[in-house]
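The values are calculated or read from the model by the stated rules, or taken from the named source; none is laboratory data. Bear in mind that the values here come from a model prediction, so they are computed numbers and not experimental data. No Cβ is skipped: glycine too gets one built from the backbone with ideal geometry, and neighbour counts run over all protein chains shown. In case anyone asks, the SASA skips ligands and DNA or RNA and just uses the protein heavy atoms, side chains included. Shrake-Rupley method; radii C 1.70, N 1.55, O 1.52, S 1.80 Å.
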Amino acid sequence: MDALLIVDFQNDFCPGGALAVSEGDLIAAPINELLDSFDLVLASRDWHPPDHGSFAGVEVDPARWQGTDPPSIWPVHCVQGTPGAELHPDLDRAKVDVVIDKGQDPNSQGYSAFQDTRLGDILRERGVDRLFVTGLATDYCVKNSVLDARRLGFDVVVVEDAVRPVDVNPGDGERALEEMEAAGARLARSDEVKRALAAA
Ligand SMILES: [Zn+2]
């Protein structure tokens, strides 16, 4: 059983948003092309409380902070219930079966869609053994979600034209893809994936 995971394809991560990823909106086309190839489509949302410890201006209690040290500081983004946290309007939302809200713990970055969510349980309950991963951003939430999926024993295919990096440092996205491959994930283009699934 295959499933498609769309990581954090939200307004704040797209051009015009609070933490815009270059060309982030362009992943809509390859993702929408793939939606009908899957019986289970899951979309994660970065869903932060307003006092999230990764936000600029929020003071973290070092005794309680569980994330990277020192915490990566980001502009305020994807605050629960705000327009910036909504799934991007170009995504064909009607074909998303399950929405997974992540990053709700103020004391951790919450990059991975598996962290403190039911995602792993849902995939197991549905008999999923192979997960196709798309979304934003390659070098943070996509990477951490893929690495967690591998740790949990899922086969993982990263749809390389349906992800985009933040690239805080040039090349971060490329290095993240290499790290995912080293962990056993495969890379494939959306047209290849679509053809392969249609032939299966
Ligand atoms: Zn975040």
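Rounded, prolate or oblate: pick one for the chain, where a ≥ b ≥ c are the square roots of the eigenvalues of its C-alpha gyration tensor, a/c under 1.5 means rounded, and failing that, prolate if a/b is larger than b/c, else oblate.
prolate
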Charge dipole magnitude, Cβ of K and R +1, D and E -1 - the range 16-85, Cα centre, debye nearest 20: 180 debye
Average accessible area per residue (Å²) across the range 89-169 - probe 1.4 Å, nucleic acids and ligands excluded: 41 Å²
Calculated FRET value between T68 and R118, using beta carbons and R₀ = 22 Å, to 0.05: 0.40
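At 1.4 Å probe radius, can you tell me the per residue accessible area of the range 8-82 in Å²? Mind showing how you got there, number by number?
Working: 3410 Å² over 75 residues.
Normalised by residue count, the accessible surface of the range 8-82 is 45 Å².
Just to verify a number: FRET efficiency for D36 and E181, C-beta to C-beta distance, R0 = 41 Å, to 0.05? Walk me through the intermediate numbers first.
On the way: r = 27 Å, r/R0 = 0.67.
Calculated value: 0.90.
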Highest-MSF residue in the chain out of A188, A56, A29 [GNM, Cα springs under 10 Å]: A56
Stretch in the chain that is longest and holds no GluC sites (Glu not before Pro) that DSSP places in a loop and that have at most 13 other beta carbons within 10 Å: 60-200
The range 155-200: C-alpha gyration tensor shape, a/c 1.5 cut-off, then a/b vs b/c: oblate
Cα gyration tensor category, rounded, prolate or oblate, for the range 45-121 with a/c compared to 1.5: oblate
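So, with a 1.4 angstrom probe, what is the percent of accessible area on the chain that is carbon and sulfur? Working shown, then result.
Working: 4170 of 9030 Å².
Looking at the chain in its full context, I get 46 percent from C and S.
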With DNA, RNA and ligands ignored, accessible area of R124 (1.4 Å probe; Å², nearest 10): 130 Å²
